[in-house]
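Here the structure comes first, spelled out in structure tokens, and everything after it is commentary.
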Ligand code: APR
């Protein structure tokens, strides 16, 4: 098999944009999976329609890539076509509505992802899995536990998106291309995420030399609530930037380009020694390549950043017990 296959489970707002962006790059073949919907009395299969629409888009602009849509059931039937997937992206589940926190989605989304993870384990046991469903750090942990894959093949998407948001705001403020802005946001994907100011820079110049402290604080605040800002405006959660962030991760893996991107990964004993946190999935900078997470980077932190990091990890850990209970109740 020459071309890599990326399966996207959940072809809603985020999933369909991932599929279309991946297809537009012409780098991989894409398989989309979603449940049937109701249109009045009629049962429809949007996932097949979306796949067809994307294929026709490719024909219109002369790009070669295969895109297929598969209807599955919430009970987990119809996942045979996962076979042969190099990467599986999970976006299935419920998104936030105004007034909801990501944690409000926990119970419902775990029950959906538990079934999906079982199918991935059965049909694509060698794949690299990217979890997107929120609350993402907890979902990544749950999927990691159910899959039993080595930890390098399971990761959550959050940091690339949060960093893109931070870069957007910095770029708008100082009127420099986001390409020349380096900024890492680590920690849990929540209000206590940790933008690392000490290592953020614009064209190599530390951010702290470019903007007054209060301005930076304001941009951090906007980054932390960047998801909520969009939920309030659109009535549902963001999808263009999340999809692009996923594509960035997928591309790093399929092209083996060894990019350093913040991803939510399971921290083991050794990471624990540096990060002071283990047995939890949380955002850290990692090196991505063919094998998935090839290295967890030990990023330097100032004492106050380390404090923020610890608070952020604590807030992820607070809900980990609930996750364990839900997982135990299933087995
Ligand atoms: N099996 C497969 N697909 C499912 C299932 C299931 N059991 N349950 C729901 N889905 C599908 C829905 O049919 C829908 O098409 O998941 C898709 C989710 O899409 P949206 O509702 O549009 O949500 P989206 O904005 O794409 O967000 C998906 O990513 O960013 C996170 O917080 C967000 O958890 C949310 C997820």
With the requirement that a residue be free of Cβ contacts under 8 Å to residues at least 40 places away in the same chain and more than 10 Å from the ligand (Cβ to nearest atom), what does the stretch 88-100 give you? 99
Taking the stretch 226-253 and the residues there that are near the ligand (Cβ under 10 Å from one of its atoms) and outside any helix (DSSP H, G or I), the one that is nearest to residue 294 (Cα to Cα) would be 239
Give the residues of the stretch 104-138 that are more than 11 Å from the ligand (Cβ to nearest atom) and surrounded by fewer than 21 Cβ atoms within 10 Å (Cβ to Cβ), sorted by residue number. 107, 118, 121, 122, 123, 125, 126
Given (1) away from the ligand (no atom under 13 Å from the Cβ); (2) closer than 18 Å to residue 242 by Cα; (3) in contact with a strand residue (DSSP E or B) (Cβ under 6 Å, 6 or more places away or on another chain); (4) in a helix (DSSP H, G or I), number of the condition residue 18 does not satisfy: (1)
If I filter the stretch 149-159 for residues that are surrounded by fewer than 24 Cβ atoms within 10 Å (Cβ to Cβ), modelled with pLDDT of 95 or more and part of a loop (DSSP other than H, G, I, E, B), do I get at least one hit? yes
Inside the stretch 1-15, can you point out the residues that are farther than 28 Å from residue 230 by Cα and not in a strand (DSSP E or B)? 1, 2, 3
Criterion first (modelled with pLDDT of 95 or more, crowded, with 18+ Cβ neighbours inside 10 Å and outside any helix (DSSP H, G or I)) does residue 31 satisfy it? yes
In the stretch 198-227, what count of residues is obtained for those that are within 30 Å of residue 128 (Cβ to Cβ) and either out of contact with any helix residue (DSSP H, G or I) (no Cβ under 7 Å at 6 or more places or on another chain) or without any contact (Cβ under 8 Å) to a residue 12 or more places away in the chain (or both)? 3
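Each row is one residue, and each column tells you yes or no for (1) surrounded by 21 or more Cβ atoms within 10 Å (Cβ to Cβ); (2) in contact with a strand residue (DSSP E or B) (Cβ under 8 Å, 6 or more places away or on another chain); (3) assigned to a loop (DSSP other than H, G, I, E, B).
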position: 272; (1), (2), (3): no, no, no
position: 277; (1), (2), (3): no, no, yes
position: 284; (1), (2), (3): yes, yes, no
position: 294; (1), (2), (3): no, yes, no
Contact list, first residue from the stretch 69-85 and without any contact (Cβ under 8 Å) to a residue 40 or more places away in the chain, second anywhere and more than 10 Å from the ligand (Cβ to nearest atom) and assigned to a loop (DSSP other than H, G, I, E, B), beta-carbon distance below 8 Å, six or more apart or interchain, is 71/45
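Could you look through the stretch 35-78, keep only residues that are surrounded by 12 or more Cβ atoms within 10 Å (Cβ to Cβ) and part of a strand (DSSP E or B), and pick out the one that is nearest to the ligand (Cβ to nearest atom)?
37
The values are calculated or read from the model by the stated rules, or taken from the named source; none is laboratory data. On a predicted model such as this, the values are computed, not experimentally measured, just so you know. Heads up, the Cβs are rebuilt from the backbone with ideal geometry, glycines too, and the neighbour counts pull from every protein chain shown.
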